[in-house]
1. For the chain, which longest stretch is free of loop sites, where a loop site is one of the trypsin sites (Lys or Arg not before Pro) that DSSP puts outside H, G, I, E and B and that has at most 11 other Cβ atoms within 10 Å?
2. Residues of segment 98-175: accessible area per residue at 1.4 Å, in Å²?
3. Find the all-direction average of the projected area of the Cα convex hull for segment 132-175, expressing the result in square nanometres with one decimal place.
4. Report in % the part of the accessible area of the chain that belongs to carbon and sulfur, leaving out ligands and nucleic acids; probe 1.4 Å.
5. Report residue 171's accessible area, 1.4 Å probe, all protein chains in place, as a number in Å² to the nearest 10.
6. Taking θ = phi - 60°, what integer Hz values does the Karplus form 6.51 cos²θ - 1.76 cosθ + 1.60 yield along segment 168-174, in sequence order, with x for Gly and Pro?
7. Apply 1/(1 + (r/R0)^6) to the Cβ-Cβ distance of residue 112 and residue 36, taking R0 = 22 Å, and write down the FRET efficiency to the nearest 0.05.
8. Can you work out the base-10 log of I(q)/I(0) for segment 53-175 at q = 0.13 1/Å, using the Debye formula on its C-alpha atoms alone?
Amino acid sequence: QIPPQFRDNTPAALERKPAPIGVLRLVPAGATLLTVSNVAPLADLYKVAAEFQGKDVEDIFEKADGGARSVVGAGIDELLVSWIGAELGVFMLPGSREPVFFAAITDEGAYRKAVDAIAGSVVASRDSSLVLDGVRVEQLEIPWYVALILDTVGVELPDPYFISRGGYFFLSLDA
């Protein structure tokens, strides 16, 4: 039920019915699905959050967008919103202590452009040398000099692994 104060301005995302969860065909047996949203694309979910949380969400988005633009040369729209579809979530694999984040890819070109922007920036590079069970698993690596600078201010960035398969992006700290 939509609260009365939001009925007139409610984004269409709240009125959609969820679609079947497509990522399940790619998730290995024994995995535990922790959370999934398949109601609306990321852009629409942001609008919903902004409607309910107002200035707080807008301020967080502006800070993240400004930081991304200054470090990577592209904003949140280009890096995430342009390619993430209505299905996103997290699952755990048996035997792993790290969650796997996933998102549906709606625009393969925008996805590749975003990964290339991040991997081509001064804060990350891409290592594609790892092959597990015949699957090439890429890793974003933070250069030592960036890690050293961030360490002085108490920030530790991980080097996540990622792949795209079957129209989905998967990311985890565990290859």
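1. 8-96
2. 58
3. It is 3.8 nm².
4. Of the solvent-accessible surface of the chain, carbon and sulfur hold 58 percent.
5. 50
6. Those phi angles translate into 10, 9, 10, 9, 7, 7, 10 Hz.
7. Efficiency for this residue pair is about 0.35.
8. Here the Debye-derived log intensity ratios amount to -0.60.
The values are calculated or read from the model by the stated rules, or taken from the named source; none is laboratory data. The shown structure was predicted, so the numbers you read here are calculated from the model rather than taken from an experiment. Cβ: placed from backbone, ideal geometry, glycine included. Neighbour counts: every protein chain shown. All accessible areas refer to the heavy atoms of the entire protein, side chains included, with ligands and DNA or RNA removed. Shrake-Rupley method; radii C 1.70, N 1.55, O 1.52, S 1.80 Å.
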